[in-house]
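Comments concern the structure below.
The values are calculated or read from the model by the stated rules, or taken from the named source; none is laboratory data. These numbers come from a predicted model, not from an experiment. Cβ atoms come from the backbone with ideal geometry, glycine included; neighbour counts cover every protein chain shown. To get the accessible areas, we keep the full protein, side chains included, count just its heavy atoms, and leave off ligands, DNA and RNA. Shrake-Rupley method; radii C 1.70, N 1.55, O 1.52, S 1.80 Å.
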Amino acid sequence: MWKEEYDHHFDFLLELLDASLADVLSDSESELGSLEQLARGSTDTLANGCRADSDAAKRLAKRLYHLEGFKRCDVARHLGKNNDFSQMVASEYLTFFDFSDLSLDRALRSFLKAFPLMGETQERERVLVHFSKRFCHCNPDTLTSEDGAHTLTCALMLLNTDLHGHNIGKKMSCQQFISNLDGLNDGKDFPKEVLKVLYNSIKNEKLEWAVEEEELRKSLSELVEEQCEGGARRGVRVTDGNNPFIAIPLLVNAVTYKHGILTRKSHADMDGKRTPRGRRGWKKFYAVLKGMILYLQKDEYKPDKDLSEVDLKNAVRVHHALATQATDYSKRPNVLKVKTSDWRVYLFQAPSEEEMLSWIFRINLVAALFSAPAFPAAIGSMKKFCRPILPSSGTRLKQEEQLCAHENKVKQISLELEEHRRSLPELSPKSRDTEEHRLKEHYLAYERSRYETYSSLLQAKLRLETDDLDRLEMCVLSGEAAARDGIMRKTQSSPHISPGHGINGRSMPRTPPRS
């Protein structure tokens, strides 16, 4: 039974990779042409990529491994094709890896760092099959078969997502990880001690994923055409260096909505986990809100200057984010709080109260205008609450449709929250179900607040009938529109920072959704 669930989860995992990575880099005809020429370098090579030639496969595999004429992002799509030649290329490519005397997790880590795992679902699975075969070849005394190694490899990737992903609630325990793999080692159980070691390895150190740094820099410096007539904008997507499931859509010609000095403090990491003490210090940056990304630069903003790797590393994505005044933080004045889609929390100190309110307004307006509708919640490995997936791509809805979508979310979440509060678990306060119930209530309350803020901002924009950002900001922050619509109402955002209040520290009235 778990095997079926496992297959379903793995398919879902790979579909996530499809959604996040399919358009990282376009498959240009010139790149494919160079491969075809390489493959045809011998009279005995292939016809239309179907007839295998060992020598050509070895030459191609060697060039792919040493990146001779290819980028790392080219590798995966030439290892996972379903023909004899690609199968031979993949086998030859794996011979450059020596996994001897390595545990499966260490071998997998080194393999995933070699190139971005891209392509169609079936293609990526074929690449992992080749990895499993190579691992077993390098470790003939391993306690599992190639199929068992492949099953365990996929289980580790799922475990990594469960322990370090976006799901709310209790993470998978070691015992649950072991139980999920019962009977999947060719009908037998994997050794428990081996599974315990693998579990703790992933728990203590998440899997790192390859990213093409050259393409990362290039994507930010190249101009991207905008097709004004059709309203479509071309862009590129760059993956987060730590997780390929989350992509950063970069429209290089995106509008710059605000820039100025901000001092940043990291308050919480992904999923609201408290940032380690050594990384909580205040650092001054020149902040640039461009498109749906808040870039934090060491040097003053210059429109024609390329962003550095450090700038990219410090960037904060504001899709589905919420900015509020950090009224409970009293150590510094003029501090705003930004909670991102993956529940990271940052504190930013602005030079003045006026600048703080301006940053809050503009971050929330950008998020309200351009955040795409959420996907349904992911299916987890256990029956527990998971947050819906919040796409990083921009919305395709018109502003009126976007407002309607936000208001519908307010209604939906309000009803769900009301029903959730009526269904208290009849167990002890320390039980797992009680904790799950509390976490879901916290999530629903926060999401209602976020969508209420988005709705109020779009209502004001459509009512004022202006695209002049300065004028809109002046009208909203003047107090009249804010008091009437509750745009800057404070919300819950962090387990360690209690709910705030209005823009001046006073509670603001809720704005009921439009009927």
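Apart from one condition, Thr95 fits all of (1) surrounded by fewer than 16 Cβ atoms within 10 Å (Cβ to Cβ); (2) under 27 Å from the mean Cα position of the chain (by Cα); the exception is (2). Between Tyr65, Tyr6, the distinction of being open to solvent by 30 Å² or more (accessible area, probe 1.4 Å), within 28 Å of the chain's Cα centre (by Cα) and either at pLDDT 85 or above or not charged (D, E, K, R) (or both) belongs to Tyr65 only. Only one of the listed residues (Lys81, Lys113) is open to solvent by 30 Å² or more (accessible area, probe 1.4 Å), over 25 Å from Thr144 (Cα atoms) and either basic (Lys, Arg) or modelled with pLDDT of 50 or more (or both). That residue is Lys81.
Take Cys154 and decide whether it is closer than 29 Å to Pro191 by Cβ, over 25 Å from the mean Cα position of the chain (by Cα) and assigned to a helix (DSSP H, G or I). So Cys154 does not fit the description; no. A search for C-beta distances below 8 Å between a residue of the stretch 392-407 that is under 15 Å from Tyr451 (Cα atoms) and any residue that is charged (D, E, K, R) and open to solvent by less than 40 Å² (accessible area, probe 1.4 Å), counting only pairs 6+ apart in sequence or on different chains, returns Gln399/Lys461.
Within the stretch 98-110, being open to solvent by less than 10 Å² (accessible area, probe 1.4 Å) and hydrophobic (A, V, I, L, M, F, W, C) holds for Phe99, Ala107, Leu108. Would it be correct to say that Gly119 is at pLDDT below 85, open to solvent by 10 Å² or more (accessible area, probe 1.4 Å) and closer than 21 Å to Gly80 by Cα? The answer is yes for Gly119.
Restricted to the stretch 465-489, and to residues that are at pLDDT 85 or above, over 19 Å from Gly291 (Cα atoms) and out of contact with any helix residue (DSSP H, G or I) (no Cβ under 6 Å at 6 or more places or on another chain), which residue is least open to solvent (accessible area, probe 1.4 Å)? In this case the residue turns out to be Arg471. Residues of the stretch 50-93 that are in contact (Cβ under 8 Å) with a residue 24 or more places away in the chain and among the basic types (Lys, Arg): Arg51, Lys58, Lys62, Arg63, Lys71, Arg72, Arg77, Lys81.
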